[in-house]
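To start, the structure itself, in structure tokens.
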Amino acid sequence: MELEDSLFPLLREVNIGIDAYEVFQDAEWALLIGAKPRGPGIERADLLDINGQIFAEQGKALNAVASPNVKVMVVGNPCNTNALICLKNAPKIPAKNFHALTRLDENRAKCQLALKAGVFYDKVSNVTIWGNHSTTQVPDFLNAKIDGMPVKEVIKDDKWLEHEFTEKVQKRGGALIQKWGRSSAASTAVSIVDAIKSLVTPTPEGDWFSSGVYTSGNPYGIAEDIVFSMPCRSKGDGDYELVKEIQFDDYLRSRIAKTEAELLAEKRCVAHLTGEGIAYCDLPEDTMLPGEM
């Protein structure tokens, strides 16, 4: 009712259903937003299994009835591994078409850099979130820019960048829950819109955006066959390419390796849902997902 009453210029009709094979019929875009939140006493491995089953079924439905070139944005946590499960259950759809939402993390990083530098957020560009949508995610300040200048030339405080900035972005979802008792809603919705806009409008010259995408063939040496947030550019046709002109230093490499290890462990944990055998859970630590209770 609120969607209808808002008079959005692109909204033509709202249909509600519970059968994925009906809802996804001929869909060209699918936003998979819902997932079970973690309650008291639920281990992360259990959450991966519970939510993974949801996304396995949605993948099968998309594979059966959606447009063969459907673009899929997974928001429900743990979104990277849920996106992997979904794409593994949809072999007819190109793996490249699946995204895990890390745009909210990118927006959070831009906000913190802008506040520190005393500028408005539109002066901040080239921000990448690497890896998992969890507290191992890596907000990249090495390649980011403020008003066209490298962040490290504007904010000459490595200790703040490596610790306070990084941790604030990683834990922003949890801080928001502590503040008002529930997960982010408005900012998540805005970030979903931002993520879709980035795929249907050409990326500004020299800039890029973050999205959790399939790693096979990536130019960064990141493990193949996982969904990992990386810097992307689009021509505005719904497709994207990975950005090649990226700098790395030892700090960035070591942080990327940690989030990569976590995603590989999550992948082993859901092997029974991706058709890759018996699941084996050896999660390195319980990194609370941003937005989890």
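The values are calculated or read from the model by the stated rules, or taken from the named source; none is laboratory data. Just so we're clear, the structure is a prediction, and the values are computed from it rather than from any experiment. Because the Cβ atoms are built from the backbone with ideal geometry, glycine has one as well, and the counts that use them run over all protein chains shown. Remember, those area values only see protein heavy atoms, side chains included, never the ligands or the DNA or RNA. Shrake-Rupley method; radii C 1.70, N 1.55, O 1.52, S 1.80 Å.
Tabulated data
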read-out: Point-charge dipole on Cβ atoms (K/R +1, D/E -1) for the range 1-120, about Cα centre, debye to 20; value: 680
read-out: Probe 1.4 Å, accessible area per residue of the range 121-235, Å²; value: 45
read-out: Separation in nanometres of the label points that stand 7 Å from Cα toward Cβ, at residue 69 and residue 186; value: 3.8
read-out: Where 140, 207 fall by accessible area, highest first, once all protein chains stay in place (1.4 Å); value: 207, 140
read-out: Rounded percent of accessible protein surface that carbon and sulfur make up, the range 1-47, 1.4 Å probe; value: 56
read-out: DSSP bridge pairs, the chain: antiparallel proportion in percent, nearest 5; value: 70
read-out: Rounded to the nearest 10 Å², the accessible area of residue 254 at probe 1.4 Å; value: 70
read-out: Helix-only CD estimate at 222 nm, as mean residue ellipticity for the chain, using -39500 (n - 2.57) per DSSP H run (n ≥ 4); value: -11500 deg cm²/dmol
read-out: Residue 57/residue 5 FRET efficiency (R0 30 Å; Cβ-Cβ; nearest 0.05); value: 0.40
read-out: Farthest positive-ward along the range 3-51 dipole, Cα basis, beta-carbon charges - from 35, 25, 10; value: 35
read-out: Mean Cα-pair separation over length for the chain, i.e. relative contact order, pairs under 8 Å, 6 or more apart, %; value: 20
read-out: Residue 280 paired with residue 121, simple spin-label distance in nm, labels 7 Å along Cα-to-beta-carbon; value: 4.3
read-out: Cα-centred dipole magnitude for the chain, charges only on beta-carbon of K, R (+1) and D, E (-1), debye, nearest 20; value: 380
read-out: The range 1-63, accessible area per residue, ligands and nucleic acids excluded (1.4 Å, Å²); value: 72
read-out: Where a label projected 7 Å from the Cα of residue 111 along Cα→Cβ would reach, residues of the range 225-251 with amide N under 13 Å; value: none
read-out: Positive minus negative residues near residue 20 (Lys, Arg vs Asp, Glu; Cβ under 14 Å); value: -3
read-out: All-pairs Cα distance distribution in the chain, expressed in whole percent, bin size 10 Å; value: 6, 29, 36, 22, 6, 0
read-out: Solvent-accessible surface (1.4 angstrom probe) belonging to residue 163, in square angstrom, nearest 10; value: 90
read-out: Sparse-neighbour loop sites [trypsin sites (Lys or Arg not before Pro); the range 48-108; at most 14 other C-beta within 10 Å; DSSP]; value: 92
read-out: Residue 115 accessible area, 1.4 Å probe, all protein chains in place, Å² to nearest 10; value: 120
read-out: Evaluated over the range 1-122, the Cα radius of gyration and Dmax, each in Å; value: 17.2, 50
read-out: Long-range lysine pairs (8 or more apart or interchain), the range 163-293, Cα under 24 Å; value: 10
read-out: Solvent-accessible area, 1.4 Å probe, carbon plus sulfur percent, for the range 106-188; value: 51
read-out: Cut-off under 5 Å, modelled amide H: who pairs with residue 102 long-range; value: 212
read-out: Sequence of 14, 151 from largest to smallest accessible area, 1.4 Å probe; value: 14, 151
read-out: The range 192-254 - convex hull of alpha carbons, volume per residue in Å³; value: 97
